[in-house]
Amino acid sequence: MGELGKPRSIGISILLFIVTLGIYGLVWTYKTFDETKRYSGNGVGGLIGLIIGIFIGIVNYFLLPNEVEGLYRLDNRESPVRAITGLWVLLPLIGSIIWFVKVQGALNRYWQSKGVAPA
């Protein structure tokens, strides 16, 4: 296994999404896909994840939870998120927030289970 990822505060991340008018979302997308790829060696990685996010963003709502699930599978653990988690995006505004809380929460718990300090 490679380099561990960084847990991120869900509240601060949502605030940064709002304050930067969504630009932090691109940074978050790149970092999150990059960390999962660096750790597991699987997935699309930061640059491809970012490109997908920019041009066909809806795909990332399904792709990222799938990659997080893959991390949990590496440890033979039940994942709290799956690709189907992306369906939350169908609920206007609140669905994206629920999706983010579920995905970032799952990532935070995963990295913390590996010994990384909480956000």
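List of remarks:
- Cα gyration tensor, the chain - rounded (a/c under 1.5), prolate or oblate: rounded
- Shape category assigned to region 30-71 from the gyration tensor of Cα positions, a/c cut at 1.5: oblate
- For the chain, accessible area per residue (1.4 Å probe, heavy atoms of protein chains only), Å²: 55
- Phi angles of region 38-50 translate, via the Karplus equation with coefficients 6.51, -1.76, 1.60 and θ = phi - 60°, into HN-Hα couplings of 4, 6, 9, x, 10, x, 8, x, x, 5, 5, x, 5 Hz per residue; Gly and Pro are given as x.
- Residue (of Ser40, Asn76, Tyr30) at the positive-pole extreme of the chain, dipole from beta-carbon charges: Asn76
- Rounded, prolate or oblate (a/c below 1.5 giving rounded, otherwise prolate when a/b exceeds b/c) for region 1-63 by Cα gyration tensor: oblate
- Here the chain has 68 percent of its accessible surface on carbon and sulfur atoms, given a 1.4 Å probe and all protein chains in place.
- Cβ-defined net charge surrounding Arg73, 11 Å radius [Lys, Arg +1; Asp, Glu -1]: -2
- Residue by residue, region 86-103 carries 3J(HN,Hα) couplings of x, 5, 4, 5, 5, 8, x, 6, 5, x, 5, 5, 4, 4, 4, 4, 5, 5 Hz when phi is fed to the Karplus relation 6.51 cos²θ - 1.76 cosθ + 1.60 (θ = phi - 60°); x denotes Gly or Pro.
- FRET efficiency estimate (nearest 0.05) - Cβ-Cβ, Ile98 to Ile18, R0 25 angstrom: 0.95
- Contact order, relative form, for the chain: 29 percent (alpha carbon pairs under 8 Å, 6 or more residues apart, mean separation divided by residue count).
The values are calculated or read from the model by the stated rules, or taken from the named source; none is laboratory data. Computed from a predicted structure; not experimentally measured. Positions of Cβ are generated from backbone atoms using ideal geometry, with glycine treated the same way; all protein chains shown enter the neighbour counts. The protein model used for the area step is the full one, side chains on, heavy atoms only, and it has no ligands, DNA or RNA in it. Shrake-Rupley method; radii C 1.70, N 1.55, O 1.52, S 1.80 Å.
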